[in-house]
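> There's a structure below that I have some questions on.
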């Protein structure tokens, strides 16, 4: 009887060990975003707005800031990023005139200092056929559920950015994507 119990234990133990190992693997494939990573995603949103010259379209969100007019509103960010074999991927929902509200993927590198990259492009118009799309094309219940469950962050940026702020945004876009809509005129690394 004792031998039979030991045999059963020896057979079951590897099953529990493999279950435990697989749960550890799945927990490694997800991570909670840090404040610095969230800030990198918001910087990517701001840089793209500046790169495409869309800051004027945000007039409806204008408030008075310390240094002039700023746009300020809430964005929703998935609190967990998922490892997709070469970067951490998450999602963000935010208002993006002239497109309306959009849901987009973002990507973060292994290095904590790497720049966030947004999925999709304003060039596509965020159509219903794209994974990075306007929320009007998504399931309302899922969008509401996501907004309730995700992190709500305050997003703000200058509506009248300085030439230096624009140049910095263009340079970061070139680092992220290899090109910039307007920044092609800006040599990266020049003062």
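> What length, rounded to one decimal in nm, is gained on full extension from residue 66 through to residue 141, with 0.36 nm per residue of separation minus their alpha-carbon distance?
Details: separation 75, 0.36 × 75 = 27.00 nm, distance 3.80 nm.
Full extension from residue 66 to residue 141 adds 23.2 nm.
> Per 5 Å bin from zero, what fraction in whole % of the C-alpha pairs of region 33-185 is there, up to the bin with the longest pair?
Percent of Cα pairs in each bin: 2, 9, 18, 22, 23, 16, 8, 2, 0.
> Given a cut-off of under 8 Å on Cα pairs at least six residues apart, what relative contact order in percent is computed for region 36-120?
Numbers: 118 pairs, mean separation 22.5, N = 85.
Once divided by the residue count of region 36-120, the mean separation gives 26 percent.
Values in this text are rule-based calculations from the coordinates and carry no lab data. Quantities reported herein were computed from a predicted structural model and do not represent experimental measurements.
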